[in-house]
Structures are given as structure tokens and as C-alpha cells.
Amino acid sequence: MAGVETRCLDLSTLDDGTIFDGRDLVSASALLDLVSEPWLLTLANRCAACGAAALFALNYDGRIACSPEDPDDGSIVSLVNEHQRTDKGFGPALGPDATDRAARCFADLGYRVQRAPSDWQLTPAAGELQRRLIDGWAQAAAAMAPQQMRMIDAWRERRFAHVAAGWSTVTVGHEDFAAWPL
């Protein structure tokens, strides 16, 4: 009989290997881009030790596309991706490289790996979510380049104007990742 168990745990380290005991599947969403390579290697090894499959959804892959385009989009995306690689509590984060590294880690342990895009497609109807993302990206960019605040603030205001006018669409690149022992 299949069952699901949920537990609230501090995952900053995976020292307690018993959390994997008896597991057939280890799954999470929006996690891998926040963790470090050593953390990911430990996760893959823990899964392999108990023979568990892995399923990780919504791993950010570094792509952000906004329409209408803005001349500062590229600079903001670069700063956001730089911020994605800072420590989120697991060591230096893999950020946009997470799915590539996960695929390699699990494949090296003899797993079959499958990946599929799972991009967020935000239409003008998702204006509030777009505003929150734009604001978050501006904050991340400012954390990485406070000397560029004038450009960052101007970019945010132009993006907010597009959202308010109902013209804005946003695509955020994500990838789902599955791995299972052969």
C-alpha cells in the first residue's frame, strides 16, 4: 500500500540519513536552485543509498523574458542570476545551473534522468504576481549592484507601467527533473 508522509525538517544539512530510510521517492518543488553542490551531492547519495527515485519540480533555469522588451532587461536578468547563486542557507546556491548539476549527480550514481521544461507563463491577467516578481527582481539586482540603483528603479517603474497598462507578459524559465534507479 502506498503512503505519503510529510514532516517539517531543517534541510540545511542532510546529516540525519534516517529521513531517507524506507523512502521510495524524494520530492520537492522550487528547491534545487537554492542549494549548493555539496548539498545536492549528499542528497543524490542519500537517495541512491536507499534506492529512492527523485522528482524535483520548478527549478529556475536562469531565463526571464518580459514583453514588451526593455533595454535594461538583460542587465537585470544578469544581476538576478548572480543573486540566485548566493547562499540561501545551504551554501553557495547553484541557481540557474541546478538542473544540469542534479542530472550529472544522479546519472553518475547510475540513475536514469529525465528533464522537461515547466516555464511560468504570466499573462496580463496575472498582473499582481508580475508586480511582485518585478519588485523581487529589482531588490535582488539592487543587492548585487547598489551603485546601479537609478537604472534598477527606472527599470522597475517602466515594467510596472506595462503591467498597469495590461501589456505585460512574463516568462520565467523552469525545468522539472526526475531520476530513478536503473
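Scanning segment 103-148 for residues being closer than 30 Å to Leu182 by Cβ, in a strand (DSSP E or B) and of a type in the set (S, T, N, Q) gives a total of 1. Of all residues in segment 32-65, those satisfying the criterion of being outside any helix (DSSP H, G or I), open to solvent by 20 Å² or more (accessible area, probe 1.4 Å) and either modelled with pLDDT under 95 or on the phi > 0 side of the Ramachandran plot (or both) are Gly51, Leu58.
Of the set (1) closer than 22 Å to Asp108 by Cβ; (2) surrounded by 17 or more Cβ atoms within 10 Å (Cβ to Cβ); (3) not hydrophobic (A, V, I, L, M, F, W, C), all apply to Arg23 but (2).
Condition test on Gln114, is it of a type outside the set (Val, Ile, Thr), farther than 19 Å from Glu69 by Cα and modelled with pLDDT of 95 or more? The answer is yes for Gln114. Taken together, the criteria place Asp15 among residues that are farther than 29 Å from Leu133 by Cβ, of a type outside the set (Gly, Ala, Ser) and surrounded by fewer than 19 Cβ atoms within 10 Å (Cβ to Cβ). Listed conditions (1) small (Gly, Ala, Ser); (2) assigned to a helix (DSSP H, G or I); (3) more than 26 Å from Arg131 (Cβ to Cβ) are all met by Ser75, apart from (3).
The values are calculated or read from the model by the stated rules, or taken from the named source; none is laboratory data. Given the structure is predicted, the values throughout are model-derived calculations rather than measurements. Virtual Cβ from ideal backbone geometry, glycine too; neighbours counted across all protein chains shown. We work out accessible area using only protein heavy atoms, side chains counted, and drop any ligands, DNA or RNA first. Shrake-Rupley method; radii C 1.70, N 1.55, O 1.52, S 1.80 Å.
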